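Student: One structure follows; several queries about it will come next.
The values are calculated or read from the model by the stated rules, or taken from the named source; none is laboratory data. Note that the structure is predicted; figures quoted are calculated from it, not measured. All Cβ positions, glycine included, derive from the backbone under ideal geometry; neighbour counts span all protein chains shown. Protein only, heavy atoms only, side chains kept; ligands, DNA and RNA dropped before computing areas. Shrake-Rupley method; radii C 1.70, N 1.55, O 1.52, S 1.80 Å.
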Amino acid sequence: MTDTVYMLQLKGVCKRYNDIQALAPTDLSVAEAQTTVLIGPSGCGKSTLLRLIAGLIRADSGTIVVEGTPLTPDNITALRHRMGYVIQEGGLFPHFNVRRNVTLMADYLGWDVERIDTRLGELADMVRLPSSLFDRYPAELSGGQRQRVSLMRALMLDPHLLLLDEPLGALDPMIRYELQQELKTIFENLAKTVVMVTHDIAEAAFFGHTLVLMRGGHVVQKGNVQQLARSPAEPFVEQFITAQRDPMQQLNEALS
Ligand code: ADP
């Protein structure tokens, strides 16, 4: 058997905001080319954990190792180029058009125009965004189109690690379903390591090779959805799963 290769390792990472322990000292290993989903109720520390990995906030203590290199204030900018980050509302710059939003970093890093254009075209094909939208501003796009552009921006530099904070959370159910299918195919085709935040167990099960269930700043259980459902580490795991029963099951119960 081959050993698991870890893209990311956290050792004793913690974060406090005044009297709130947003993340208790946490150890976590994230396997390469897999999707790891951080899940749990609102306020349990999912976004804090993702933002620490992205280097957007600094841990109070502990170490975050990305592809063998510990994150430090000195190397964070370089390491961030190996990470793509998408947030719920997309986080696009409202005063830049699609083309500018997607290509900004590549331009800043000195890529030549031809390389930028080629990459822009590849990404648009991948996420199925028509090139006729390249000159539009974010406000002139639908929510689904904005998330496609956000994903293009996150993938522009071909990062090894994709960090997604509720990327589909603001979309209506039909668009969300469509994008879920497409995103999963993209992640698999590109063999990217993905860390995704969601509070939706069905979405977590759909995407996640590994689920990390959190509560009150702690990791309660890590495993695949079968392990969580069949061998809950504590009653909370079962409660969390049951509380999010399939909406169709709820509908059927209401109709019966
Ligand atoms: P989740 O993503 O699971 O909803 P968060 O990681 O956003 O949870 O938040 C974890 C806890 O930390 C919450 O109690 C939240 O209110 C608190 N928190 C998060 N960010 C800040 C901040 N910038 N300042 C103060 N408290 C914060």
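Student: Name the one entry in ARG115, ARG99 that is among the basic types (Lys, Arg), assigned to a helix (DSSP H, G or I) and surrounded by 16 or more Cβ atoms within 10 Å (Cβ to Cβ).
Tutor: So the residue among ARG115, ARG99 that is among the basic types (Lys, Arg), assigned to a helix (DSSP H, G or I) and surrounded by 16 or more Cβ atoms within 10 Å (Cβ to Cβ) is ARG99.
Student: Something else: Cβ-Cβ under 7 Å, sequence separation 6+ or interchain: first residue in the range 192-209 and among the polar types (S, T, N, Q), partner open to solvent by 20 Å² or more (accessible area, probe 1.4 Å). Which pairs?
Tutor: Pairs that qualify, where the first residue is among the polar types (S, T, N, Q) and the partner is open to solvent by 20 Å² or more (accessible area, probe 1.4 Å), are THR193/GLU32; THR193/ALA33; THR193/GLN34; THR193/HIS160; THR198/GLU166.
Student: Could you identify the single residue in GLN227, GLN221 that is part of a helix (DSSP H, G or I), surrounded by 15 or more Cβ atoms within 10 Å (Cβ to Cβ), away from the ligand (no atom under 15 Å from the Cβ) and not acidic (Asp, Glu)?
Tutor: The match here is GLN227.
Student: Just to be sure before I move on: is PRO167 in a loop (DSSP other than H, G, I, E, B), away from the ligand (no atom under 16 Å from the Cβ) and touching a Gly at 6+ places or on another chain (Cβ under 9 Å) in the structure I sent?
Tutor: In short, no.
Student: Under 6 Å between Cβ atoms, at least 6 apart or on separate chains: pull out the pairs that start in the range 37-50 with a residue that is at positive phi and end on any residue that is open to solvent by 20 Å² or more (accessible area, probe 1.4 Å) and near the ligand (Cβ under 6 Å from one of its atoms).
Tutor: none
Student: Also, quick follow-up: Name the residue that is nearest to the chain's Cα centre (by Cα), counting only residues in the range 28-57 that are open to solvent by 10 Å² or more (accessible area, probe 1.4 Å) and closer than 23 Å to ASN189 by Cα.
Tutor: Filtering the range 28-57 for residues that are open to solvent by 10 Å² or more (accessible area, probe 1.4 Å) and closer than 23 Å to ASN189 by Cα, the one nearest to the chain's Cα centre (by Cα) comes out as GLN34.
Student: Checking ASP60 against (1) within 16 Å of the ligand (Cβ to nearest atom); (2) open to solvent by 60 Å² or more (accessible area, probe 1.4 Å); (3) at pLDDT below 95, only one condition comes out false. Which one?
Tutor: With (1) within 16 Å of the ligand (Cβ to nearest atom); (2) open to solvent by 60 Å² or more (accessible area, probe 1.4 Å); (3) at pLDDT below 95 applied to ASP60, the lone miss is (3).
Student: Quick check on my filter: what residues within the range 140-164 are touching a residue at least 40 places away in the same chain (Cβ under 8 Å), in a loop (DSSP other than H, G, I, E, B) and open to solvent by 50 Å² or more (accessible area, probe 1.4 Å)?
Tutor: Answer for the range 140-164, where residues must be touching a residue at least 40 places away in the same chain (Cβ under 8 Å), in a loop (DSSP other than H, G, I, E, B) and open to solvent by 50 Å² or more (accessible area, probe 1.4 Å): just HIS160.
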